[in-house]
Amino acid sequence: MTTTVRELPVPPFDLPLICRQTGIRHVEYHETLESTNRLAVSLLKPLLEVAPALVLTANQTAGRGRGSNQWWSTAGALTFSIVLDAESMDLPVERRAMISLLTGLAVRNAVAPLVPNRTTAIKWPNDVLVGEQKICGILAEQHNAGDRCGVIIGIGVNVNNSLSPAPMEVRQRAASVFDLTGQHQDLTAVLIAIVAELTSLKQRLSRSPAAVLSEANAASILNGRELVLQTGDRQHAGTCRGIDEDGALVLETAAGTIQRFSGGSVVTWQAER
Ligand code: BTN
């Protein structure tokens, strides 16, 4: 007679270590999930009871991107959502665009040491680039649950996955740490570094907002470049004059007027000069 031993899947993450080192109070871990943001929205009420909480998966199969976009990923990518109580964020509603920006900066700071000798940058409102290729996408959402308001920050970082099986349009503009360096990373350590960096940036934002803003502007790939911004069905062409204290993009049009945009997508931007 043969005995089959069914091994329980071992998460590629050290969940207790994540909690100990980040202040995360609860991790909702699933080996496979369609979308960490979608699960965070559906469990928002109980997750707010244990916020800051994390929804984490090793295999996200139907990730959501901004607008109607999808987020392509395979095993080895870091895909998770942080659930925060909006009350605890110490950010007035009109400055909540800063959340995406701060998250982008946190990911950029955490990823930069993994890709030495390469330029890392943030691309307003919420992408992280290595060179001009996207390595991380961020989807920040706000939802009510009963009388509380939750902020869900969904983060997808291409770490140990390869973009080679991705559809052509994804492959052309995205990169992964593994594809760039040929090295695998400890996903727990990368996740901890991102959350710790985000916590530190949030604290610094309330103490010295100007310093954080100038760090974001220094890391912004768009500053000084000509670009086209899409808002709804309108397009706005101009030169990027930076990111302001509310997290809005400042654009100088050809006519010399200055306009601020709190949302939108940059559809084209001038290549590196
Ligand atoms: C974008 O660039 O359009 C945003 C992509 C955000 C992807 C992340 S992966 C983890 C989290 N769960 C999702 O379904 N989406 C976000």
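The values are calculated or read from the model by the stated rules, or taken from the named source; none is laboratory data. No experiment lies behind these values; they were computed from the predicted model shown. Glycine gets a Cβ as well: all are built from the backbone with ideal geometry, and neighbour counts include every protein chain shown. Note: areas computed on protein heavy atoms with side chains; ligands, DNA, RNA excluded. Shrake-Rupley method; radii C 1.70, N 1.55, O 1.52, S 1.80 Å.
Tabulated data for the structure shown
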quantity: Failed item, numbered, when Ala51 is tested on (1) closer than 21 Å to Ser200 by Cα; (2) within 15 Å of the ligand (Cβ to nearest atom); (3) open to solvent by less than 50 Å² (accessible area, probe 1.4 Å); (4) in contact (Cβ under 8 Å) with a residue 40 or more places away in the chain; calculated: (2)
quantity: Index of the failed condition, Val27 passing every other in (1) of a type outside the set (Phe, Trp, Tyr); (2) at negative phi; (3) in contact with a Ser or Thr (Cβ under 7 Å, 6 or more places away or on another chain); calculated: (3)
quantity: Test for Leu33: is it away from the ligand (no atom under 12 Å from the Cβ) and either hydroxyl-bearing (Ser, Thr, Tyr) or open to solvent by less than 40 Å² (accessible area, probe 1.4 Å) (or both); calculated: no
quantity: Subset of the range 233-269 (residues that are of a type in the set (S, T, N, Q) and open to solvent by less than 60 Å² (accessible area, probe 1.4 Å)); calculated: Thr239, Thr253, Ser265
quantity: Listing of strands (runs of 3 or more DSSP E) fully contained in the range 81-146 that carry 3 or more residues being open to solvent by less than 30 Å² (accessible area, probe 1.4 Å) and in contact (Cβ under 8 Å) with a residue 60 or more places away in the chain; calculated: 120-123, 133-145
quantity: Conditions (1) closer than 30 Å to Leu222 by Cα; (2) polar (S, T, N, Q); (3) out of contact with any strand residue (DSSP E or B) (no Cβ under 7 Å at 6 or more places or on another chain): number failed by Gln21; calculated: (1)
quantity: Odd one out for Glu28 among (1) open to solvent by 60 Å² or more (accessible area, probe 1.4 Å); (2) among the acidic types (Asp, Glu); (3) at pLDDT 95 or above; calculated: (1)
quantity: For Leu56: the one exception among (1) aliphatic (A, V, I, L, M); (2) within 11 Å of the ligand (Cβ to nearest atom); (3) open to solvent by 40 Å² or more (accessible area, probe 1.4 Å); calculated: (3)
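The rows are residues; the columns are (1) under 17 Å from Leu191 (Cα atoms); (2) modelled with pLDDT under 90; (3) of a type in the set (Val, Ile, Thr).
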{"residue": "Thr74", "(1), (2), (3)": "yes, no, yes"}
{"residue": "Ala86", "(1), (2), (3)": "no, no, no"}
{"residue": "Leu91", "(1), (2), (3)": "no, yes, no"}
{"residue": "Leu114", "(1), (2), (3)": "yes, no, no"}
{"residue": "Thr119", "(1), (2), (3)": "no, no, yes"}
{"residue": "Ile135", "(1), (2), (3)": "yes, no, yes"}
